[in-house]
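Here is the structure we will look at.
FYI, it's all coordinate maths here, none of it is from the lab. Remember, predicted model here, so these are calculated numbers, not experimental data. Cβ: placed from backbone, ideal geometry, glycine included. Neighbour counts: every protein chain shown.
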Amino acid sequence: MVQSGGKWGVLMQPIYLKQAKSITLIIAFVSLLQALLAIIGVMTVALTIPDQEKLNLTDTIIRRALLNTSINAIFFVIFTILFFVAFKRLKNGLQVGALIYVSYIIFMVVSILFGIIGSGFNLGSLLISLMLILLTGIALYSVKKGEQMS
């Protein structure tokens, strides 16, 4: 917290901490949306199991789809919780470790690579993932800058 030069002597939060809070909240909501979509994906795959023969799907395809969507659902729920906790800590003026941001970037890069390997190149999902990586990098920079200035 930095004291302003105003006549009331109000403590003002530095811009980089405001930026870190805003971006962390955005990432938390996007992660929540991704978690909901992944959970819907798990339910959709589970509902296709009875119609497996009609749809000409093999057990391997069903297992792989169920595994992928389950892993994504679990990780996105975890990241949603972690980012909301990080936002709460930033809101209270507490420091947040860089581990959550770095692990999210690593998860997104691995997701991009597995997505390209598994289903080919998809520009839409690649751009969304790269945007999230960029936002996470900016939030990480803001958090680290805030720690240096404290």
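Among A86, L123, V42, whose Cα projects farthest towards the positive end of the dipole of the chain, with charges put on the beta-carbon of Lys, Arg (+1) and Asp, Glu (-1)?
A86
Using helices alone, I'd like the mean residue ellipticity at 222 nm for the chain: each DSSP H run of four-plus residues gives -39500 (n - 2.57), total over residue count, nearest 500.
-27500 deg cm²/dmol
Below 23 Å Cα-Cα, how many Lys pairs turn up in the chain? Only count pairs eight or more apart in sequence, or on different chains, if you could.
Close lysine pairs under the 23 Å cut-off: 13.
Could I have the simple spin-label model distance between L123 and K144, label points 7 Å from Cα toward Cβ, reported in nm to one decimal?
That separation, rounded to one decimal, is 3.2 nm.
How much FRET efficiency would the formula 1/(1 + (r/R0)^6) give for R89 and L134, where r is the Cβ-Cβ distance and R0 is 22 Å, rounded to 0.05?
The calculated FRET efficiency here is 0.45.
Which semi-axes, in whole Å and largest first, does the equivalent ellipsoid of the chain have when worked out from the alpha carbon gyration tensor as the square roots of 5 times its eigenvalues?
For the chain, the semi-axes come out at 40, 15, 11 Å.
Tell me, T24, T136, T69, T60 in order of fewest to most beta-carbon neighbours within 10 Å?
The order, fewest Cβ neighbours first, is T60, T69, T136, T24.
Using a 10 Å Cβ count of at most 10 others and DSSP loop calls, identify the longest part of the chain lacking such trypsin sites (Lys or Arg not before Pro).
55-150
If r is the Cβ-Cβ distance from I105 to R63 and R0 is 30 Å, what FRET efficiency results, to the nearest 0.05?
0.55
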